[in-house]
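Engineer: Got a structure here, written out as structure tokens. Questions coming.
The values are calculated or read from the model by the stated rules, or taken from the named source; none is laboratory data. Predicted model, so just to flag it, every value in this text is computed and none were measured. Methodologically, a virtual Cβ is constructed for each residue, glycine included, from the backbone with ideal geometry; neighbour enumeration extends over all protein chains shown.
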Amino acid sequence: MTEQAARARLQDIAREHLEGKVHYEILIRTGDPSEEILRAAEDFAVDSVVMATHGRTEPGHFLLGSVAERVVRESSRPVLTMREPAP
């Protein structure tokens, strides 16, 4: 997926779920996901980080995926993880 396609998809999702309810800004970065999330949290001086997790069960990632787990461990800000409901 190109950056332009990703931005368009995120704008569609935001319009559907967020428009008129909360202030949001779409930010797309490339690189290691956990590093970029941690860097963005610092760059924007956010109050907290909210992220979805797959809730994988591989060894070492019993409750959280590796990205969420690293963000939880290394963030200087509170992190709320949310698991997507089962279909």
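Engineer: Would you tally the residues in segment 6-25 being surrounded by 11 or more Cβ atoms within 10 Å (Cβ to Cβ) and not in a helix (DSSP H, G or I)?
Structural biologist: 2
Engineer: Restricting to segment 48-86, give me the number of residues that are assigned to a loop (DSSP other than H, G, I, E, B), at pLDDT 95 or above and of a type outside the set (S, T, N, Q).
Structural biologist: Residues flagged as assigned to a loop (DSSP other than H, G, I, E, B), at pLDDT 95 or above and of a type outside the set (S, T, N, Q) within segment 48-86 amount to 2.
Engineer: Shifting gears a bit: For residues that are at pLDDT below 90, of a type in the set (D, E, K, R) and more than 20 Å from Ala40 (Cα to Cα), tally how many sit in segment 16-27.
Structural biologist: So the answer is 2.
Engineer: Of all residues in segment 37-57, which are surrounded by 11 or more Cβ atoms within 10 Å (Cβ to Cβ) and either outside the structural domain of Thr81 (by TED's automatic domain parsing) or among the polar types (S, T, N, Q) (or both)?
Structural biologist: Across segment 37-57, the qualifying residue is only Thr53.
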